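Asks: Encoded as structure tokens, here's the structure I'll be asking about.
The values are calculated or read from the model by the stated rules, or taken from the named source; none is laboratory data. Since the structure is predicted, the reported quantities are computational estimates derived from the model, not experimental observations. Note: ideal-geometry Cβ built from the backbone for every residue, glycine included; neighbour counts use all protein chains shown. Quick note on the areas: whole protein, heavy atoms, side chains included, nothing else; ligands and nucleic acids left out. Shrake-Rupley method; radii C 1.70, N 1.55, O 1.52, S 1.80 Å.
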Amino acid sequence: MQIHSMDFDDTWHPATHPSGAVLPVLTALSEALPQRSKFSGLDLLLAFNVGIEVQGRLMHFSKEASDIPKRFHPPSLVGTLGSAAAASKFLGLSLTECREALAIAVSYAGAPMANAATQTKPLHMGNAARHGIEASFLAMMGLQGNKQILDLETGFGAFYTNYSPKVLPSLDSHAWLLDQQDVAFKRFPAHLATHWVADAAASVRKHLVRSDRDLLPADHIERIVLRIPDVPYVNRPFPDTEHEARHSFQYVACAMLLDGGITVPSFQIQQINRPQVRELLRKVELEHPSDNLPSFNTLYCEMSVTLQGGATFTERSDTFYGHWRKPLSQEDLQEKFRDNASKTLSCHTAESLIKSVEKLEDLEVCSVLTTLLKGPSPPEASKLSSM
């Protein structure tokens, strides 16, 4: 659940957060299983890729899955089956048991998008991980399900329109989807679609502010127009909570215009409720061009800011830094990890984790990762936990 609590995890296309339901399952299993059952870093990597692969293959069976979701939160669907697949691979289940685990997982799957932008949304990810591993254990105990459930409209097809499963390639010709389609890594914790908005807003801001030390002339702004896809659950004109702000085109645009950057503290309630923010929010309008479809692979954001004197500045973002077409550098990805880990891990532990992950396939025992994660906390974190 915590892995998705800030909406800071990776995002894929078709739309889902692929790692959140899989990685916790594997790290938990590597820690919980008897010490005599040693699992290598390569074992973890293979099971992880199987869990991601199952999610991607299932989403490719439906055109609806290619768009930003409207009905079901994808991690609660494909994430649950990805978790079951990864756990089954890691535990060495037989082909029959793997099939049963996936069938059982389908009956655990599904959570509505209505709980997006609430504290309950991260629970979808936690449940996907938990239910997937439970499905694997139940399959090991002999529980059976419908063996054709992934092929049926009344099975997994109940979650997606135009669901049309296809025969998968043989192992001899199989190509991993992660080799063909990388993931996006976010620079700030908010819905992925808002990153196009932030990128466009940063470009517009350069026309309005001469230097980083100058304040935005917010009182001179008459109108802000965002041309974006129609994504109702990210259309939140006046967010009241941090979760709503993370799912608000309008808030991300205004925060970037005002501050020149978006960080983790940008979503604190005192930042959201600033008078300058509220003033700007009242000036934001959304437009939905017919060619701007709700797909993480094709969407764009065009922003226009009109000043009181009539001058208008327009900028457009087609791809932001962090998207799979413009991926974060390894250095920036590691820096993101350091920033997040510094709240709970010592610098030494964080650096040890980075080195271990870089050579994960060479680790003889992958439980070293969980050992490091339980390592000493920085002094300030220790003080907070004792209060």
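Asks: Can you name the residue in region 278-308 that is without any contact (Cβ under 8 Å) to a residue 12 or more places away in the chain and over 25 Å from ARG187 (Cα atoms) and, of all such residues, is surrounded by the fewest Cβ atoms within 10 Å (Cβ to Cβ)?
Replies: Top of the filtered list is SER290.
So that you can scan it fast, the table gives a plain yes or no per residue for (1) open to solvent by less than 10 Å² (accessible area, probe 1.4 Å); (2) among the aromatic types (Phe, Trp, Tyr); (3) not assigned by the TED database to the domain that holds GLU53:
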{"residue": "MET141", "(1), (2), (3)": "no, no, no"}
{"residue": "ILE149", "(1), (2), (3)": "no, no, no"}
{"residue": "THR161", "(1), (2), (3)": "no, no, no"}
{"residue": "ALA201", "(1), (2), (3)": "yes, no, yes"}
{"residue": "HIS207", "(1), (2), (3)": "no, no, yes"}
{"residue": "ILE224", "(1), (2), (3)": "yes, no, yes"}
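Asks: Where the second residue is in a helix (DSSP H, G or I) and the first is among the hydroxyl-bearing types (Ser, Thr, Tyr) and lies in region 342-354, which pairs have Cβ atoms under 7 Å and are six or more apart or on separate chains?
Replies: SER342/ALA350; THR344/ALA381; THR349/LEU372; SER352/LEU372
Asks: Restricting attention to region 155-169, does a residue exist that is charged (D, E, K, R), in contact with a Phe, Trp or Tyr (Cβ under 8 Å, 6 or more places away or on another chain) and at pLDDT 95 or above?
Replies: no
Asks: Scan SER88, SER107 and give me the residue that is surrounded by fewer than 21 Cβ atoms within 10 Å (Cβ to Cβ), modelled with pLDDT of 95 or more and over 30 Å from ASP230 (Cβ atoms).
Replies: Criteria check complete, one pass: SER107.
Asks: Just to be sure I understand the filter: pairs with C-beta atoms under 9 Å, separated by 6 or more residues or on different chains, first member in region 366-383 and assigned by the TED database to the domain that holds SER352, second member among the acidic types (Asp, Glu) and at pLDDT 90 or above. Which pairs pass?
Replies: Once the first residue is assigned by the TED database to the domain that holds SER352 and sits in region 366-383, its partners that are among the acidic types (Asp, Glu) and at pLDDT 90 or above give CYS366/ASP43.
Asks: Can you tell me which of (1) aromatic (Phe, Trp, Tyr); (2) modelled with pLDDT of 95 or more; (3) open to solvent by less than 30 Å² (accessible area, probe 1.4 Å) is the one PHE61 doesn't meet?
Replies: (2)
Asks: Can you run down the residue pairs with Cβ atoms below 7 Å, 6 or more apart or on separate chains, where the first is in region 1-25 and in the same structural domain as ALA47 (by the TED database) and the partner is among the β-branched types (Val, Ile, Thr) and part of a loop (DSSP other than H, G, I, E, B)?
Replies: ASP10/VAL183; THR11/VAL183; TRP12/VAL183; ALA15/ILE68; PRO18/VAL183
Asks: State all residues of region 74-114 that are under 30 Å from HIS243 (Cβ atoms) and not in a helix (DSSP H, G or I); if no residue qualifies, say none. Before you say what the answer is, go through the steps one by one.
Replies: Kept after step one, since they are under 30 Å from HIS243 (Cβ atoms), are these residues of region 74-114: 74-87, 105-114.
Within region 74-114, ALA109, GLY110, ALA111, PRO112 meet the criteria.
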